[in-house]
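Take a look at the structure below.
A short reminder: the numbers here are calculations on the coordinates, not readings from a lab. For clarity, every value in this text was computed on a predicted model and none was experimentally measured. So basically every Cβ, Gly included, is an ideal-geometry build from the backbone, and we count neighbours across all protein chains shown.
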Amino acid sequence: MNKLIEGILEALEVLWGAKMRSALTMLGVIIGVFAVVMLVALGEGAKKYVVMQVEGLGLGAHTLMVYPGKKGLPTRQSTITYSDCLALKQEIPEIVELTPTCLGPADIKFGPWKRTINVFGVDSCYPVVTGRQLKEGRFYTAFEVETHRKVVVIGTTIAKETFKGVNPLGERLTIDGQKFAVIGIFEEKGRIMEFDMDALAFIPFTTAMSLFNSKRITEIIVLTKGGNMINQANDHVYEVLKSRHGGRIDFNTQSQGEILKQLDLIMNTLTMAVAGIAGVSLLVGGVGIMNIMLVAVTERTREIGIRKSIGATNDDIFQQFLVEAGIIGVVGGALGLLASIVSCKVLGYLIYFEFVTPLWSIFLGLVFSGIVGVISGVYPAMRAAKQDPIEALRYD
């Protein structure tokens with residue numbers, strides 16, 4: 001142990017004596033570790049951002065989505081009916097509540113202001129199912145859904161841009177030429193990717209079907225009792241709908257957990273792929289260490305001869321050069337790591353993006369850079385150890 005510590009101190013002294021050469025040798029490792037950690041931090045940050053965006057859709061862990069068409073094969077044909085919704089609610093005990101949705105674009109107008117937005121037709125339990133809160137007013141009732149009332153709840157973007165300072169509650173908003181009474185405003189939701197969640201209007205789904213002249217249900221949002229109940233509810237949804245559709249599976253389901261798992265797999269694969277590509281630069285840095293160490297062996301041939309003449313063994317010489325290479329790798333890795341952390345903080349501040357640097361990437365960067373340094377130093381260390389002391393003393 002003492003011998004190893006002496007070797008490390010001696011190696012540090014040698015490297016400090018040739019600061020420029022040591023710095024240039026470390027440069028490849030610094031760049032390699034910097035690139036790997038930066039790209040991992042970028043990938044992890046992107047994954048966190050995407051997860052936050054998905055969670056921002058209002059699909060809680062207890063929520064199950066039911067879509068028409070087979071999984072992976074979207075369809076324009078309506079394969080789910082309102083009677084299917086009623087059957088699911090009545091026959092599946094794991095379901096707390098559900099709402100069918102009917103989605104379509106529509107022109108809205110208030111005074112001279114006009115724009116095209118997405119209008120959602122949903123049931124009166126929509127706020128309960130999605131957990132979305134109202135900022136002002138109220139949501140429509142089951143009676144208003146049953147009687148096809150022309151009432152609308154809007155997002156904050158519509159409230160600000162359309163009514164421009166006028167309190168929207170009680171005002172009449174024209175949707176595709178029909179007058180709707182504004183009864184509520186949702187709390188601000190923000191953007192999901194480039195989609196403004198506050199530029200939406202919600203009307204009773206019965207009214208929406210009449211407005212769009214369609215009986216097509218876009219999806220069913222199901223709130224389950226949570227835990228393992230969501231899996232049981234999913235199985236029962238398949239049983240009920242398959243039975244009602246004559247044995248056909250012309251529908252599919254998806255939970256937030258499934259969406260997040262798919263996204264996690266995709267983002268992890270991309271992160272590892274780009275980190276692997278960046279890792280090539282770390283290997284190139286290892287080649288640089290080997291080349292510089294070989295030059296150092298040649299330059300220090302006479303030193304090797306002197307050390308052997310006063311009793312140094314081949315193992316001592318081998319250890320000295322191997323430790324030097326390892327230190328170059330570790331110090332280069334530490335500097336690259338420090339540079340990447342500082343860069344993540346600065347870039348995150350400038351572009352308002354959170355870079356996430358996981359601890360495993362820090363540990364892996366340091367360990368891998370040390371391993372690269374040691375491996376790169378093996379061959380030069382072997383050459384140094386095999387030097388004939390007499391020939392080495394004669395070297396000029």
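Which entries of 47/261; 135/215; 109/160 have Cα-Cα distances beyond 22 Å here? From the list (47/261; 135/215; 109/160), the Cα-Cα distance tops 22 Å for 135/215.
Restricting the count to DSSP beta bridges whose residues both fall in segment 76-249, what percent are antiparallel, rounded to a multiple of 5?
Values: 29 of 38 bridges.
In segment 76-249, approximately 75 percent of DSSP beta bridges are antiparallel ones.
An ellipsoid equivalent to segment 76-249, defined through the eigenvalues of its Cα gyration tensor, has semi-axes of 31, 17, 14 Å when rounded to whole angstrom and sorted largest first.
Rounded to the nearest 10 degrees, the inclination of helix 2-17 to the longest alpha-carbon principal axis of the chain is 90 degrees. Using bins of 5 Å that start at zero, the share of Cα-Cα pairs per bin across segment 300-377 amounts to 3, 15, 16, 15, 12, 11, 9, 6, 5, 4, 3, 1, 0, in whole %.
For the chain, taking Cα atoms only, Rg and Dmax work out to 33.3, 106 Å respectively. Taking the average, over residues, of other Cβ atoms within 10 Å as the packing measure, peptides 335-345, 257-267 rank 335-345, 257-267 from highest down. Candidate cross-link partners of residue 308 among the lysines, defined by an alpha-carbon separation under 25 Å and a same-chain spacing of 8 or more, comprise 3, 386.
Axis angle, to the nearest 10 degrees, between helix 82-91 and the longest C-alpha principal axis of the chain: 70 degrees. Roughly how tilted is helix 256-299, in degrees to the nearest 10 and between 0 and 90, from the longest Cα axis of the chain? Rounded to the nearest ten degrees, it is 10.
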